[in-house]
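Visitor: Here it is: the structure, laid out below.
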Amino acid sequence: MSRTQGAMAGGDVLPYPAAMIWLRNADDIAESLPAVWLVATPQRPTTLPARSALRRGMGARILARQLGLPPEAVAIGHDGRGRPRVEHPRGSGLHLSLATRAGWVAVALAHRPVGVDVEAVDDTAVPPMGVLHPEESAWLLAQPRDERPLAFARLWSAKEAYVKALGTGFARAPESFAVSLSPEGRLTVRDGAEAAAESGVSRTLENGGQDVLAAAIVVIG
């Protein structure tokens, strides 16, 4: 997959079990869910509390717009495992996931457990094969050498989106499940021989010509 293939446009819709909508403006309202907002910001927080505050602030802003509520009526907290959840308004039935990378904030909303992640492509790094499932390692090694950094970022964003949707984070060993990616941007997660496969969408984007990033969303069930 080339770096320009799959680049996002605002309001872009892809086939999914339900419509998958990708938005680039925090003030946009999704016509249906699941949806992902990928918003560029000038902020580059360097500490965990600052990154968390950026994610939660953007999530609250988007949630308020989506529900037609004033910002003060919305609050985002965390469950016992650290997964973000809608504290107010209670009973919304919405699940959300948050991520930040290289000045971008990703916010996913769905009616089922959802995970979203964004990863920067590092052309100088050697992909760490030890954290991958054997099928993923074989797929990655089959890619042209100069395309492996992007391929790894796509894989890793999908894996992280999946464990976020599960609510485990990487307390779950990343090599214990396998992600497969299609050139068109579909992703499938196979977790155990008897388990039903989960699916999602992977995209790539360029940050003003400075960074190439990979983003992924997985919805459970």
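Visitor: Over all distinct Cα pairs, what is the inverse of the mean 1/r for region 61-157, reported as the Kirkwood hydrodynamic radius in Å?
Guide: After inverting the mean inverse Cα-Cα distance, the result is 15.9 Å.
Visitor: Along region 49-58, what does the Karplus equation 6.51 cos²θ - 1.76 cosθ + 1.60 (θ = phi - 60°) give for ³J(HN,Hα), rounded to whole Hz, x for Gly and Pro?
Guide: So the J values, rounded to whole Hz, are x, 5, 5, 4, 5, 5, 4, 5, x, 5.
Visitor: Then there is this: Label points 7 Å out from Cα along the Cβ direction at GLN143 and ASP122: separation in nm?
Guide: Label-label distance for GLN143 and ASP122, simple model: 1.5 nm.
Visitor: Per DSSP H run of n ≥ 4, the term is -39500 (n - 2.57); total these for the chain, divide by its residue number, and report the mean residue ellipticity at 222 nm rounded to 500 deg cm²/dmol.
Guide: After summing the helix terms and dividing by residue count, I get -7000 deg cm²/dmol.
Visitor: For the chain, with the dipole built from +1 on Lys and Arg beta-carbon atoms and -1 on Asp and Glu ones, taken about the Cα centre, which of ALA142, VAL114, ALA73 lies farthest toward the positive end?
Guide: Ranked along the dipole, the leading option is ALA73.
Visitor: Hey, what's the chain come to in accessible area per residue, 1.4 Å probe, Å²?
Guide: Per residue, the chain has an accessible area of 46 Å².
Visitor: Once phi is turned into ³J(HN,Hα) by the Karplus curve 6.51 cos²θ - 1.76 cosθ + 1.60 with θ = phi - 60°, what whole-Hz value does each residue of region 89-98 show in order, with x for glycine and proline?
Guide: Couplings: x, 5, x, 5, x, 9, 10, 9, 9, 10 Hz.
Visitor: Moving on. Over the chain, with every protein chain in place, what whole percent of the accessible area is carbon and sulfur at 1.4 Å, could you tell me?
Guide: 53
Visitor: Beyond 18 Å, what share of the Cα-Cα pairs of region 89-221 remains, rounded to the nearest whole percent?
Guide: It works out to 52 percent of all Cα pairs.
Visitor: Under 5 Å between amide hydrogens, which residues at least 5 positions from GLU87 or on another chain qualify, with H placed 1.01 Å from N in the peptide plane?
Guide: The list, which skips near neighbours in sequence, is ALA75, ILE76, GLY77.
Visitor: Over the chain, with a Gaussian network built from C-alpha contacts below 10 Å, which listed residue (PRO34, PRO134, PRO84) shows the highest mean-square fluctuation?
Guide: Result: PRO134 has the largest fluctuation of those listed.
The values are calculated or read from the model by the stated rules, or taken from the named source; none is laboratory data. This structure is a prediction, so every number in the text was calculated from the model and none was measured. Every residue, glycine as well, gets a Cβ built from its backbone with ideal geometry; the counts of neighbours run over all protein chains shown. We work out accessible area using only protein heavy atoms, side chains counted, and drop any ligands, DNA or RNA first. Shrake-Rupley method; radii C 1.70, N 1.55, O 1.52, S 1.80 Å.
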